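The values are calculated or read from the model by the stated rules, or taken from the named source; none is laboratory data. The model shown is predicted, which means the values in this text are computed figures rather than measured ones. Glycine gets a Cβ as well: all are built from the backbone with ideal geometry, and neighbour counts include every protein chain shown.
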Amino acid sequence: MQVPEITQTLLDAKKNKKLSFGDLEKILGRDEVWIAAVIYRQASASEEEANKLVAALDVNPVYAKELTESPLKGLGPVVPTDPLIYRFYEIMQVYGMPIKSVIHEKFGDGIMSAIDFTLDVEKEEDPKGDRVKVIMSGKFLPYKKW
């Protein structure tokens, strides 16, 4: 996956400063996944948030303006080839319809918002091998009848 130049610049600065997304969460007061989404240009920051981020990474302040602009979202029309990202694609291929059915059974006909939405990634210690715990929480939006 080709990342935008700004993304690579910010990731390089983050690495050089030995900062984690968790460290940036403490500095910006925003969730680490949301901050990563801003860096990967999948979300936009306010002017204040963008300024804090570029200051924390010690990069040229000119990048702050771009971080406030509405991004072009998504991976594109191709199947992802990165193994970790592909697994999420695979999970949706296998479990997408079952998840949809369970949501409709519990909530009715509608969708889960990706706008009024949070996503957390947690590390779950396990003697058989650590586990990745992904928690998605989106507002339920019922389809209107007219």
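At a glance:
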| quantity | calculated |
| --- | --- |
| Test: residue in the range 23-30 that is closer than 30 Å to Pro142 by Cβ and under 19 Å from the mean Cα position of the chain (by Cα) | yes |
| Selected residue [of a type outside the set (D, E, K, R) and more than 18 Å from the chain's Cα centre (by Cα)] from Ile91, Ile99, Ile39, Ile6 | Ile99 |
| So Ser46, is it at pLDDT below 95, touching a Ser or Thr at 6+ places or on another chain (Cβ under 9 Å) and either of a type in the set (Lys, Arg) or on the phi < 0 side of the Ramachandran plot (or both) | no |
| Which numbered condition Gln2 fails, given (1) closer than 28 Å to Lys133 by Cα; (2) touching a helix residue (DSSP H, G or I) at 6+ places or on another chain (Cβ under 9 Å) | (2) |
